[in-house]
1. Among the residues of region A:182-189, is there at least one that is in contact with a His (Cβ under 9 Å, 6 or more places away or on another chain), within 11 Å of another protein chain (Cβ to nearest Cβ) and over 22 Å from A:Pro92 (Cα atoms)?
2. When region B:123-143 is examined, which residues are found to be under 17 Å from the mean Cα position of the chain (by Cα) and of a type in the set (A, V, I, L, M, F, W, C)?
3. Would it be correct to say that B:Tyr60 is aromatic (Phe, Trp, Tyr), over 22 Å from B:Val211 (Cα atoms) and within 16 Å of DNA strand C (Cβ to nearest atom)?
4. Could you list all residues from region B:50-69 that are more than 8 Å from DNA strand D (Cβ to nearest atom) and within 14 Å of chain A (Cβ to nearest Cβ)?
5. State the number of residues belonging to region A:49-80 that are without any contact (Cβ under 8 Å) to a residue 12 or more places away in the chain and of a type outside the set (S, T, N, Q).
6. In region A:28-44, which residues are polar (S, T, N, Q) and either more than 9 Å from DNA strand C (Cβ to nearest atom) or on the phi > 0 side of the Ramachandran plot (or both)?
7. Do we have B:Leu139 as outside any loop (DSSP other than H, G, I, E, B) and within 8 Å of chain A (Cβ to nearest Cβ) here?
8. Here is a check on your reading of the model: is B:Ala47 on the phi < 0 side of the Ramachandran plot, within 13 Å of DNA strand D (Cβ to nearest atom) and in a helix (DSSP H, G or I)?
2 protein chains.
Amino acid sequence: MDARVDEEPGGGGQTRIQAINREIILQAALEVFSVHGFRGSTLDQIAAKAGLSKPNLLYYFRRKQDIYEAVLRDTLALWLEPLAAIRADGEPIEELRRYITFKLRMSREQPQASRLFANEILAGAPAIGGFLASDLKALVEEKAGVIRGWVTQGRLAPIDPVHLIFAIWATTQHYADFEVQIRAILGDQVDGRGFPEQAAQAVLSIILNGVRPRA
Amino acid sequence: MDARVDEEPGGGGQTRIQAINREIILQAALEVFSVHGFRGSTLDQIAAKAGLSKPNLLYYFRRKQDIYEAVLRDTLALWLEPLAAIRADGEPIEELRRYITFKLRMSREQPQASRLFANEILAGAPAIGGFLASDLKALVEEKAGVIRGWVTQGRLAPIDPVHLIFAIWATTQHYADFEVQIRAILGDQVDGRGFPEQAAQAVLSIILNGVRPRA
DNA sequence: CTGACATTTGACCAATCAGTCAAGTTTCTG
DNA sequence: CAGAAACTTGACTGATTGGTCAAATGTCAG
């Protein structure tokens, strides 16, 4: 029969095994969904990667869609964090440098999360369209206001703030989303010690010099 | 029986109907594959969009994979064209401006081609991995050499040429690949008359000022 | 207008898909 | 250590998938 409500697999309270297996499933699902997107991924792939049987997967998540949404939800907050951290009372160039550096590090350490979103957006954002149009839009508008203020004060070159945010997203996430292409062009160099710094220096140089106020 | 070799559906010579229907199929396939990727797309979706029956699809292309590769091949050349057009004997900033402008126009006029590649790369480039590591790599290295020359001559700020190319790809293709996200944030503004110019001005301003030599 | 060939399709197939279920096994609690 | 609940799974289902095939229809040159 029904377990105590707060110990249902989908609920808040979890048993030890639930906590472990839900985490295993979400990690496996991230690896699969981030490569093939929702439609292109199968429960069998996820089950195999998680080392669980397919019915067992569906014991923890009733539907494939539920797994997908759980993975997306888990990574959404993580993804917005750095943008939210931009402070209006900071030094503009330093704030942007910190934001870009943060985003580049996330592309390096969580490339699958980046690819998961890329797949979701390419597919038309069926699962997070509402979130984009509400929370993300509000956050971008807020930070665009901050940047616009810096421009008005002459602390940044005149630039459309929203497009600047797009440019930062694009250049930083590119290293995660297009990693295969980058690896095809640069080879094992990508795994070298200096590569992250090299990429960071290039991106920071282009964008920061691109928005630095010109006398 | 076998038709004359040069009139086989897959061959070079085509009947009138073949030419028409192959084009219809490739256009429908582009629309489907660019949204859901190879694995996430179905022949039924393509057939429905093309207004043909599924067996008829397979009369012109023997396998789903063949349709996919044909669409990719058709768009690959188009995609490299602008990079190849960068000239060593041009004015650096003007050459880059032309390249960025070209890429932005392609993102606007051929967003599906951009998304098709994005999906292919995200999936690990199973179909074009070899091409990336050979042709694209060679082309990038050649143009990187050109840019490196400009830097050496002091006509561009010191910047890693390959990462500059990545940054240009990222910022320009972002408008095609993440259109849904951009639309969620900016709304119908995206359809406005001035939007392409606004985006172009922002991207050009950031990148060109980012690489302009500083005294 | 006719015959050869190109084109189209309904019916079908085996494989894979998401999801169900009843019967098992394991784990936890008192 | 017993009983209850949590967990696991083999076997299954109906739907969808890519792909086949024989038969029917359309096209076009002579």
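The values are calculated or read from the model by the stated rules, or taken from the named source; none is laboratory data. Quantities reported herein were computed from a predicted structural model and do not represent experimental measurements. Here the Cβ is made from the backbone with ideal geometry for all residues, glycine too, and neighbour counts use every protein chain on show.
1. yes
2. B:Ala123, B:Ala125, B:Ala127, B:Ile128, B:Phe131, B:Leu132, B:Ala133, B:Leu136, B:Leu139, B:Val140
3. In short, yes.
4. Within region B:50-69, just B:Tyr68 meets the criteria.
5. So the count comes out to 5.
6. A:Ser34
7. It is false that B:Leu139 is outside any loop (DSSP other than H, G, I, E, B) and within 8 Å of chain A (Cβ to nearest Cβ).
8. Yes, satisfied.
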